[in-house]
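The values are calculated or read from the model by the stated rules, or taken from the named source; none is laboratory data. The model shown is predicted, which means the values in this text are computed figures rather than measured ones. Here Cβ is always computed from backbone atoms with ideal geometry, including for glycine, and neighbour counts include all displayed protein chains. Only protein heavy atoms, including side chains, enter the accessible area calculation; ligands, DNA and RNA are left aside. Shrake-Rupley method; radii C 1.70, N 1.55, O 1.52, S 1.80 Å.
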Amino acid sequence: MRFTRTVGRIAAVALLFTGLVSFGPATPVATGDRQPRIDKELFGTTPEGVRVDRYTLTNGRGMRVRIITYGGIIQSIEVPDRHGRTANVALGFNNLTDYLENNSPYFGCITGRYANRIANGRFTLDGVTYQLAQNNGQNHLHGGNVGFDKVHWAATEIRERDVVGLALRRVSPAGEENYPGALDTTVTYRLTRDNTIRIDYRATTDAPTIVNLTNHTYFNLAGEGSGDINDHRLMLNASRYTPVDETLIPTGDLDRVAGTPMDFRRATAIGERIRNNFEQLVIGRGYDHNYVLDRRDPTFRELELAGRVFEPTSGRVLTVRTTEPGIQFYSGNFLDGTLVGTSGRMYRQGDGFALETQHFPDSPNQPNFPTTVLRPGQVYQTTTTYGFGTA
Ligand code: GLA
């Protein structure tokens, strides 16, 4: 091993001297670039003839992120491991048809207008009751039948000092999926030099409405398609969570995690307690719960640590920060082997996890939860960052 590495190094130096290759950083990155850049290409065309573009953001530090204009989907996230070897850590598909036809379980998408569930798809605002699609049993999930994950977003490239990004904008017309008010939404992705994906969500409305936006990337820090995430060690900065009924709607309580398998205040392997006969885990078929973040800033303006995940074999670490009050930890319980992902491997239960920063599920029906109402003149603004490193 050591011998071949030495030989390789000698060969590389020899090539360098003969001028055949230029020498990059000590650990060559897949992109080969050292300056941030953004590139655009055709990803596919929908049956209705809509062109879907794919933007590739490269930060010159070993990270490459691909985003498509359909659903604002983060299609792939390539990140180096502790030896500088790059892998795609986001679950997804390698072609548009699979996103359109394969009933994607929200891989990488912008999720809205209301991410997560609303009980019976019903809520009352200013005395008017709205009935939304019941697309998850009796409940409403992730914006309904055609949520923000299944629409086309207009893209603007961003080039700032040391940062490239993509602003995705869409005006959801009043009444779309039965939500009141036209919602003018912009989701901005930025890839920074310190290997962080920053997501800024902004929305305004012309009539009172509700809104709760997130991104639904499934991660596997050992590389998508490489197996389950049971050995990933998760830390969540949360002393409480919102327990749910059998239909995954919060009961309204904010239960303490202490003394239960829900406790991730100290980093713990995801698989360690996932099969415990704890009622909430049985209901969720694993973890599928909103954690109430321990925030210092109760006004939801400051970016604060929400969680951290460490994958021991690759050494990759993901750190999540957010302005949001909650985070849905979903351990990929409904992946069932029917989908084949980007690298041609099947996704089975627990092959990816999502950390969806958000307001709490069913807030419109829960007077004690932080409000998700947006009124004309107000600006909905939240930020979440996904930072990558190694340990
Ligand atoms: C969210 C929900 C899960 C599941 C996934 C998508 O994370 O909480 O129950 O619906 O989305 O499959």
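Please compute the contact order of the chain in relative form: average sequence separation of alpha-carbon pairs under 8 Å and at least six residues apart, divided by the residue count, as a percent.
On the way: 998 pairs, mean separation 62.6, N = 391.
For the chain, the relative contact order is 16 percent.
Mind listing the long-range amide H neighbours of Tyr218? Cut-off is under 5 Å, sequence gap 5 or more, other chains count too, H placed in the peptide plane at 1.01 Å from N.
Leu91, Gly108
Using θ = phi - 60° and the Karplus form 6.51 cos²θ - 1.76 cosθ + 1.60, what ³J(HN,Hα) does each residue of the range 235-241 get, whole Hz, x for Gly and Pro?
10, 10, 7, 8, 8, 9, 9
Rounded to the nearest Å, what's the spacing between the alpha carbon centres of the range 250-326 and the range 72-100? Just the number, please.
Each part's Cα centre sits 24 Å from the other's.
Tilt of helix 2-18 relative to the longest C-alpha principal axis of the chain, in degrees (0 to 90, nearest 10)?
70 degrees
Ordered by residue, what ³J(HN,Hα) values in Hz, to whole numbers, does the range 287-300 give under the Karplus form 6.51 cos²θ - 1.76 cosθ + 1.60, where θ = phi - 60° and Gly and Pro are x?
Running phi through 6.51 cos²θ - 1.76 cosθ + 1.60 with θ = phi - 60° gives 8, 7, 9, 8, 9, 8, 5, 7, 9, 7, 9, x, 8, 6 Hz.
Restricting attention to the alpha-carbon atoms of the range 269-336, what are Rg (one decimal) and Dmax (integer), both in Å?
Values for the range 269-336 (Cα only, Rg and Dmax): 14.1, 39 Å.
Give me the percent relative contact order of the range 164-268, please, defined on Cα pairs under 8 angstrom at least 6 residues apart. Don't skip to the answer; put the middle values down first.
On the way: 142 pairs, mean separation 17.5, N = 105.
Normalised by residue count, the contact order of the range 164-268 is 17 percent.
Per DSSP helix of 4 or more residues, -39500 (n - 2.57); summed, then divided by the residues of the chain. What does that give at 222 nm, rounded to the nearest 500? Each step should come with its number before you reach the end.
Numbers: 3 runs with 29 residues, N = 391.
Using -39500 (n - 2.57) per qualifying helix, the result is -2000 deg cm²/dmol.
Over 22 Å apart: what share of the alpha carbon pairs of the range 154-267 falls there, rounded to a whole percent? Can you show the working numbers first?
Values: 3934 of 6441 pairs.
More than 22 Å apart: 61 percent of the Cα pairs in the range 154-267.
Please report, in Å, the Rg and the Dmax of the chain, where both are computed over Cα atoms only.
Cα radius of gyration and Dmax of the chain are 21.3, 78 Å respectively.
From largest accessible area down, sort Thr323, Thr338; use a 1.4 Å probe on the protein chains.
Working: Thr323 10, Thr338 100 Å².
If we order Thr323, Thr338 from most to least accessible, we get Thr338, Thr323.
Using the Karplus equation 6.51 cos²θ - 1.76 cosθ + 1.60 (θ = phi - 60°), what ³J(HN,Hα) coupling, rounded to whole Hz, does each residue of the range 136-151 give in order, writing x for Gly and Pro?
For the range 136-151, the Karplus-derived couplings read 9, x, 7, 9, 9, 10, 6, x, x, 5, 10, x, 5, 6, 10, 10 Hz, x marking Gly and Pro.
Where nothing but the Cβ of Lys and Arg (+1) and of Asp and Glu (-1) is charged, how large is the charge dipole of the chain around its Cα centre, in debye to the nearest 20?
1460 debye
What are the residues whose amide H is under 5 Å from the amide H of Ser76, where those residues sit 5 or more places off or on another chain and H is modelled from the backbone?
It is Arg66, by chain and number.
Using only the Cα atoms of the range 143-218, what are the Rg and Dmax in Å?
That works out to 13.9, 41 Å for Rg and Dmax.
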